[in-house]
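Colleague: Pasting a structure below so you can have a look.
The values are calculated or read from the model by the stated rules, or taken from the named source; none is laboratory data. What you see is a predicted model, and the numbers here were worked out from it, not measured in a lab. Positions of Cβ are backbone-derived with ideal geometry, glycine not excepted, and every protein chain shown enters the neighbour counts. Surface accessibility is based on the protein's heavy atoms, side chains included, excluding ligands, DNA and RNA. Shrake-Rupley method; radii C 1.70, N 1.55, O 1.52, S 1.80 Å.
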Amino acid sequence: MNDLELKSILANRLELVQERIAQSCTRATRKTDEITLVAVTKTVSCRVVRVMHELGISHFGENRPQELWKKAADLPAAQWHLIGHLQRNKIDKTIPLIHLMHSVDSERLLFALHEYGLKHHTPLPVLIEVNCSREEAKGGFSIPTIQELADQFKTFNGIRIEGLMTMAAYHDDPQHSRSTFVELRSLRDQFRTQTGLALPHLSMGMSNDFEVAIEEGATFVRIGTTLFEGLEDE
Ligand SMILES: *Cc1c(COP(=O)(O)O)cnc(C)c1O
């Protein structure tokens with residue numbers, strides 16, 4: 001496929017997604033500028049990312065650090081989001097490349113990022129990943145664990161905790177994700193009161209359920225398949 005064909009496919013898909021985001025905002029009486037679309041590029045090449053960037057998208061998400069290194073080197077002008085597990089031995093190489101870390105999923109990683117921030121005098125913005133769906137295969141803190149840790153949020157001054165992230169269990173009917181998203185939002189509200197932190201962000205909603213997530217307060221939606229399906233070989 002040549003660049004023009006690729007660009008026209010991506011432009012159409014992007015327009016549809018942005019329309020759906022706008023309609024969800026209307027239903028929820030929210031403003032579209034409260035929502036940041038993070039295009040999840042884990043299945044596509046640097047070339048596809050560059051075309052998406054030319055279309056005006058500047059936030060991109062990757063779930064594997066090595067893949068993020070490669071793509072961020074190719075397109076350093078974009079804002080890169082890590083949305084998957086980060087091993088502590090990859091912190092030094094990954095953190096300087098990213099705009100926001102969505103997936104702080106263990107106490108060990110939380111401490112390590114805090115120490116990194118202290119050492120480099122640049123508090124890294126992070127979200128805490130919570131396993132609201134309670135699926136064993138999913139990452140993130142269990143709700144009781146993070147509730148216990150919340151009292152200490154303010155003491156982690158090497159990082160800036162800006163909110164929470166979750167993944168709902170996959171289901172054909174997106175309404176099934178609603179209870180997960182409501183739970184993440186109430187947890188955030190509870191932590192606001194408990195810690196005094198602003199916690200402005202909720203990263204929730206993917207291709208199959210981003211509209212429901214926006215209705216329930218998402219500020220970041222992470223969308224891959226709907227934008228990039230079928231473009232894996234481009
Ligand atoms: C892959 C991925 C997404 C995007 O999922 P799609 O269903 O392809 O939109 C979102 N969040 C995380 C953490 C992912 O790994």
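Colleague: How much of the accessible area of segment 1-143, in percent, comes from carbon and sulfur atoms when a 1.4 Å probe is used?
Modeller: After summing per-atom areas, the C and S share lands at 50 percent.
Colleague: A follow-up question, please. Per DSSP H run of n ≥ 4, the term is -39500 (n - 2.57); total these for the chain, divide by its residue number, and report the mean residue ellipticity at 222 nm rounded to 500 deg cm²/dmol.
Modeller: Taking each H run of at least 4 residues, the total per residue is -12500 deg cm²/dmol.
Colleague: Further question on the same structure: Quick check: residue separation of Glu136 and Glu5 times 0.36 nm, minus the Cα distance between them. What number comes out in nm? Present the calculation step by step, with values, prior to reporting the outcome.
Modeller: Working: separation 131, 0.36 × 131 = 47.16 nm, distance 4.12 nm.
Full extension of this stretch gives 43.0 nm more.
Colleague: Can you tell which of Gln66, Thr26, Ala11 lies farthest toward the positive end of the dipole of the chain, using +1 and -1 charges on the Cβ of basic and acidic side chains (Lys, Arg; Asp, Glu)?
Modeller: Gln66
Colleague: Treating only the Cβ of Lys, Arg, Asp and Glu as charged (+1, +1, -1, -1), what charge dipole size does segment 121-234 show about its Cα centre? Round to the nearest 20 debye.
Modeller: Computed about the Cα centre, the dipole is about 760 debye.
Colleague: Debye calculation, C-alpha points only, no solvent: report log10 I(q)/I(0) for segment 58-101 at q = 0.14, 0.15, 0.30, 0.32 Å⁻¹, in the same order as the q values.
Modeller: Reported log10 I(q)/I(0), two decimals: -0.24, -0.28, -1.16, -1.33.
Colleague: Next up: Could you tell me what fraction of 2.2 N^0.38 Å the Cα radius of gyration of segment 91-145 comes to, as a two-decimal ratio?
Modeller: 1.22
Colleague: Give, as a single signed number, the net charge of other residues whose beta carbon lies under 10 Å from the beta carbon of Trp80, with Lys and Arg counted +1 and Asp and Glu -1.
Modeller: So the environment of Trp80 carries a net charge of 0.
Colleague: Could you sort Ser179, Ser24 by accessible area so the largest value comes first, with the probe set to 1.4 Å?
Modeller: Working: Ser179 80, Ser24 0 Å².
Accessible-area ranking of Ser179, Ser24, largest first: Ser179, Ser24.
Colleague: Something else now. Quick one, what does Rg over Rh come out to for the chain if you take C-alpha atoms and the Kirkwood Rh?
Modeller: Radius of gyration over Kirkwood radius for the chain works out to 0.96.
Colleague: Taking a probe of 1.4 Å, how large is the accessible area per residue of the chain, in Å²?
Modeller: That works out to 47 Å² per residue.
Colleague: Right, another one. With the convex hull built on the Cα atoms of segment 158-226, state its orientation-averaged projected area in nm².
Modeller: So the Cα hull casts an average projection of 4.9 nm².
Colleague: If you build a Gaussian network model of the chain, linking Cα atoms that sit under 10 Å apart, which residue out of Thr145, Thr180, Thr219 swings the most?
Modeller: Judging by the Gaussian network model, the answer is Thr145.
Colleague: Out of the chymotrypsin sites (Phe, Trp or Tyr not before Pro) in segment 152-234, which ones are loop residues according to DSSP with at most 15 other C-beta atoms within 10 Å?
Modeller: Tyr170
Colleague: What does the net charge come to around Lys70 if you take all other residues with beta carbon closer than 14 Å to its beta carbon, with K and R at +1 and D and E at -1?
Modeller: Charge balance in the 14 Å sphere: +4.
Colleague: Can you tell me the convex hull volume per residue for segment 1-113, based on C-alpha atoms, in Å³ to the nearest whole number?
Modeller: 112 Å³
Colleague: Using R₀ = 41 Å, calculate the FRET efficiency as 1/(1 + (r/R₀)^6) where r is the Cβ-Cβ separation of Glu232 and Arg160; round to 0.05.
Modeller: With a Förster radius of 41 Å, E is 0.70.
Colleague: Within the chain, which is the longest segment containing none of the trypsin sites (Lys or Arg not before Pro) that sit in a DSSP loop and have at most 15 other Cβ atoms within 10 Å?
Modeller: It works out to 32-133.
Colleague: How charged is the neighbourhood of Phe111? Take every other residue with its Cβ under 14 Å from the Cβ of Phe111, and add Lys/Arg as +1 and Asp/Glu as -1.
Modeller: Counting the neighbours of Phe111, the net charge comes to 0.
Colleague: On to the next question. Give the total of Lys-Lys pairs in the chain with Cα-Cα distances below 29 Å; include a pair only if its members are 8 or more places apart or on different chains.
Modeller: Total qualifying Lys-Lys pairs in the chain comes to 26.
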